[in-house]
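The values are calculated or read from the model by the stated rules, or taken from the named source; none is laboratory data. Bear in mind the structure is a predicted one, so any value in this text is a computation, not a measurement. Ideal geometry is used to build each Cβ from the backbone, glycine not excepted, and the neighbour counts take in all protein chains shown.
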Amino acid sequence: MKKQWLLIFIPILTLSQNKEGAKIKVIEGVSLHDEGKYADAITKYNEALTLDKNNLQALSEKAMTLDASKQYDEAVEVSKLAISSHPSDDLKTVYLSYANSLDHQKKADLALKIYDEGLKKYPEYYQLYFNKGITLINLKQTEKALECFQKSARLNPDHATSINALAALTRDTRIPSIMASSRYLILDNKSPRAKANLASIIDLMSKGVSQKDDKSINLTFDPETIDKVASNKKSQNNFSAADMVLSMAAALDFDDKNKNKTDVQKFIDKFESICSTMDETKKGQKGFYWEFLAPYFIEMKLKNQIEPFAYIIFLPKQSADVIKYHEDNSQKIKDFYEWSDNFVWK
């Protein structure tokens, strides 16, 4: 009887050891992938699969590394194997690698089909929406792509790349683009992309405002903005009132009383005007930007967080006043991020 129990116990112990050994191999493979050593990473995943046939973690990571190393056909086959052999397990990253590999092969229609299959199973996985949006952008389906980026941002408000996409695609609607770029800079104020978002904000804030040689100020309003303000009709993402107030606030940059103010101080004046106007006109408003981003910035103003926010997003300029503010006001910066991290997104 003891011998029989021993014969049963040994295979169970071996199976357990194989799974643990496979797990170690996968961890080693992920580390190699992160170092850009894709061939070595794939070797580790194959070793894991030898120890534990069709190990899901090994298949999932292998598909991702095959995609990264441009071995798209193999990535597709590994993804299919993972899906067929683990129908009841969490496969969201497998669907991502699967669809990405198809998209990289210029098989956009098939990629969209796989993204949708994945989203049907994992509707809360923001990355599937984001990558689907990239595929749609490449197909010149901008409106559908924008919807995907909006969904990915809602699901993960800290996903900087989704927010960046919103800023870029709303460049012709001033207030939504300023809000999106501002949110992006809270998440990332150090990269080259951060510099581009700050430049976009500065440019949009002065749009339609110029000073002539005789020092008079020229204000140009978009006719559609004037019509929306005059009609007072509620429409999707209508920020016409805030847009007009911003232009008038930007004109004050040229006033003698503001001539000694820094760029950040002038920005604070204008941004507070935007937030105050949004707060005053928010009743009955609808649309993604009113529902998702506007409440964040309205509360920021109400919580007196505009000042540290401004110095955070102006960090890419590396001007002396901005650097000094960060050196002298570390607690204000910390308090801002604490408020931001605890904000309840809708």
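Evaluation of residue 315 against the conditions (1) surrounded by fewer than 17 Cβ atoms within 10 Å (Cβ to Cβ); (2) closer than 26 Å to residue 188 by Cβ; (3) under 26 Å from the mean Cα position of the chain (by Cα) shows that the sole unmet condition is (1).
A Cβ distance below 7 Å, combined with a sequence gap of six or more or placement on separate chains, defines the contacts here; from the stretch 123-142, residues that are touching a residue at least 12 places away in the same chain (Cβ under 8 Å) reach residues that are of a type in the set (Val, Ile, Thr) in the pairs 130/161.
Of the residues that make up the stretch 264-284, is at least one within 27 Å of residue 159 (Cα to Cα) and in a loop (DSSP other than H, G, I, E, B)? Yes - at least one qualifying residue is present in the stretch 264-284. Look at the stretch 228-254: where a residue is within 15 Å of residue 274 (Cα to Cα) and a partner is at pLDDT below 85 and part of a strand (DSSP E or B), sitting 6+ places away or on another chain with Cβ atoms under 7 Å, you get 247/209; 247/219; 250/209; 251/209; 251/217; 251/219. Applying the condition of being in contact with a Gly (Cβ under 7 Å, 6 or more places away or on another chain) and farther than 30 Å from residue 317 by Cα to the stretch 220-246 and asking which residue is modelled with the lowest pLDDT yields 234. If I filter the stretch 269-286 for residues that are in contact (Cβ under 8 Å) with a residue 24 or more places away in the chain, over 16 Å from residue 205 (Cβ atoms) and surrounded by 14 or more Cβ atoms within 10 Å (Cβ to Cβ), do I get at least one hit? Checked against the condition, which is being in contact (Cβ under 8 Å) with a residue 24 or more places away in the chain, over 16 Å from residue 205 (Cβ atoms) and surrounded by 14 or more Cβ atoms within 10 Å (Cβ to Cβ), the stretch 269-286 yields at least one hit.
In the stretch 247-285, the qualifying residues are those that are at pLDDT 95 or above and aliphatic (A, V, I, L, M), and the one that is farthest from residue 321 (Cα to Cα) is 278. Checked against (1) in contact with a Ser or Thr (Cβ under 9 Å, 6 or more places away or on another chain); (2) closer than 22 Å to residue 147 by Cβ, residue 91 passes all but condition (2). Search the stretch 156-186 for residues being within 19 Å of residue 127 (Cα to Cα) and in contact with a Pro (Cβ under 9 Å, 6 or more places away or on another chain), and hand back the single one that is surrounded by the fewest Cβ atoms within 10 Å (Cβ to Cβ). The selected residue is 183.
Residue 310 meets the stated requirement of being among the small types (Gly, Ala, Ser), under 20 Å from residue 186 (Cα atoms) and part of a helix (DSSP H, G or I). For residue 190, the criteria (1) touching a residue at least 60 places away in the same chain (Cβ under 8 Å); (2) basic (Lys, Arg); (3) in a helix (DSSP H, G or I) hold in every case but one, which is (3).
Scanning the stretch 92-130 for residues that are under 19 Å from the mean Cα position of the chain (by Cα) and over 18 Å from residue 69 (Cβ atoms) turns up 92, 115, 119, 122, 123, 124, 125, 126, 127, 128, 129, 130.
Among all residue pairs at least 6 apart or on different chains, which show Cβ distances below 6 Å where the first residue, located in the stretch 66-93, is outside any helix (DSSP H, G or I) and surrounded by 15 or more Cβ atoms within 10 Å (Cβ to Cβ) and the second is at pLDDT 95 or above and of a type outside the set (A, V, I, L, M, F, W, C)? Correct list of pairs: 69/38.
On the basis of being in a helix (DSSP H, G or I), aliphatic (A, V, I, L, M), surrounded by fewer than 24 Cβ atoms within 10 Å (Cβ to Cβ) and not assigned by TED's automatic domain parsing to the domain that holds residue 310, does residue 136 make the cut? Considered against the rule, which asks whether it is in a helix (DSSP H, G or I), aliphatic (A, V, I, L, M), surrounded by fewer than 24 Cβ atoms within 10 Å (Cβ to Cβ) and not assigned by TED's automatic domain parsing to the domain that holds residue 310, residue 136 comes out as yes.
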